[in-house]
Amino acid sequence: MIKKAHLSRLITPLCFLFCAYFFIAMPIEQIYKIFYQLGFRLCDFEVYHIAGVKALQHHTVYDVTDHWQFKYSPLVAYLFGISFSKIDFFYSQILFTILIAVSWPYLIIKIIQTYSPDIRNNLPALLRKFALLFLFLGNSFLLELRFGQVNIIPYALIFCFFLFYSKISPSESRVKYYFKLLALSALWSLAVQFKLYAGIIGAYLIFKKDFKLIALTAVMTIFLDFALLGQLHGWQFALQENLDWLKTLTHSSAILLNDPQNSGLRGLIARIPGIEPLYGPVWMAGLVIFLGFQYLLRKRPPLTQLAFNLSGVLVLTPLVWNYWNLLAIPTLLMIFEQNRPFSRDSSSSAKWVFALLLLNNILSFNTLSRSYLNPITQLLLAIWWLRTQTKHLDFKLNSFENTKHQLQT
């Protein structure tokens, strides 16, 4: 038998090999397929590449009406145009694969270090936590890699937004304060232009009464996506592109809501016979619950808000794809701090949630898992996170009731 001390020394190398599988072996395999497997392509990245080419040619990027529509803002199309689309699609795929393989671990390491500053300089502990995350979410990354998705961009923008927001203070000099507000508005605006789900941040800012930042972000969006594009393409073209973008979003989303790959609650309800008409009331109830908890947690640190909002995206967004599960990383990191998934001290409820999450990761390439298991797992994970974060609220409510009872007697 392997002694416990020997096993402990093996854990770190095994974690490294586990992570190397995702960020070294799989990207190399994908590059090999791009070179030698006829017809292999990054299907989602091809949409972005084509849109970038069209943007540089002053051609509309919203003329595709089938599944492969470009659904990001006109500014995003232009950004692809001046970067990846200037390179031949074949080589652009290779460059994009390498960047994904480098940028994702960098972002995740930064997120881990932010939530667990005590292990910032502890490489073995950092590696173990990284491997633990990918034990539950690894296959979502493989889907992201295989499709050539760009979720890391809005993800990084949202993370930076909350990270910088935690460091802003009205008491600092006016110039410094408004410069930070300007940077935050740019981060939020760009995140929304990549993924509309980034708009969920607005509820937190409203309860924080940070109306300056909300207004500044609206102005920043108009500037970036209309005024700036107007200088490049002409005002009339820029206006029409933005109108076509909004039209594309509503049209394409309506078609995809009942797609078998939609792994959100909306997709789950649509697939269960007889209850599809209940989606509207269920979604409204979920939104009210989310806003209620957002109000209760409004004074919690911005990094807590990051986890809460990203969990809200996975539960409330009508259209969710399986590779979005990577948004649950901050939620899992906070849960890991209180509930070690393989510890004997972990509660039975936590073990069930972790078991479902692990099963969902193992089966994530299966359509049935994406259709049914994924939305249920994400809902339970969000509920469990809320439970761990609102225990102090229960204590305050109980104290209030006891005080009220004493006053009445």
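The values are calculated or read from the model by the stated rules, or taken from the named source; none is laboratory data. All of these numbers come straight from a predicted model, not from anything done at the bench. Cβ: placed from backbone, ideal geometry, glycine included. Neighbour counts: every protein chain shown. The accessibility values were calculated without ligands, DNA or RNA, using every heavy atom of the protein model including side chains. Shrake-Rupley method; radii C 1.70, N 1.55, O 1.52, S 1.80 Å.
Filter region 166-191 down to residues that are in contact (Cβ under 8 Å) with a residue 12 or more places away in the chain and assigned to a loop (DSSP other than H, G, I, E, B) and give me whichever is most open to solvent (accessible area, probe 1.4 Å). The selected residue is Lys167.
Just one of the listed residues (Phe354, Phe365, Phe290) is among the hydrophobic types (A, V, I, L, M, F, W, C) and under 30 Å from Asp118 (Cβ atoms), namely Phe354.
Could you pull out the residue among Leu297, Leu291, Leu306 that is buried (at least 20 other Cβ atoms within 10 Å of the Cβ) and either without any contact (Cβ under 8 Å) to a residue 24 or more places away in the chain or closer than 21 Å to Tyr165 by Cβ (or both)?
Numbers: Leu297 fails: buried (at least 20 other Cβ atoms within 10 Å of the Cβ); Leu291 fails: buried (at least 20 other Cβ atoms within 10 Å of the Cβ).
From the options Leu297, Leu291, Leu306, the qualifying one is Leu306.
Can you tell me which of Leu142, Leu137 is closer than 25 Å to Leu363 by Cβ, touching a residue at least 12 places away in the same chain (Cβ under 8 Å) and crowded, with 20+ Cβ neighbours inside 10 Å? Walk me through it before giving the result.
Numbers: Leu142 fails: crowded, with 20+ Cβ neighbours inside 10 Å.
Just a single option satisfies the conditions, and that option is Leu137.
Is it true that Ile255 is under 24 Å from the mean Cα position of the chain (by Cα) and modelled with pLDDT of 80 or more?
Here the answer is no, as Ile255 does not meet what is asked.
Return yes when Asp118 is closer than 26 Å to Phe336 by Cα and of a type in the set (Asp, Glu) and no when it is not. Judged against the criteria, Asp118 is a match. Within region 128-147, none of the residues are outside any helix (DSSP H, G or I), more than 18 Å from Pro330 (Cα to Cα) and under 19 Å from the mean Cα position of the chain (by Cα).
Selection within region 344-396: residues that are open to solvent by less than 30 Å² (accessible area, probe 1.4 Å) and of a type in the set (Gly, Ala, Ser). The member of this set that is modelled with the lowest pLDDT is Ser346. Would a scan of region 215-231 turn up a residue that is in contact (Cβ under 8 Å) with a residue 24 or more places away in the chain, open to solvent by less than 80 Å² (accessible area, probe 1.4 Å) and not in a helix (DSSP H, G or I)? No: zero hits.
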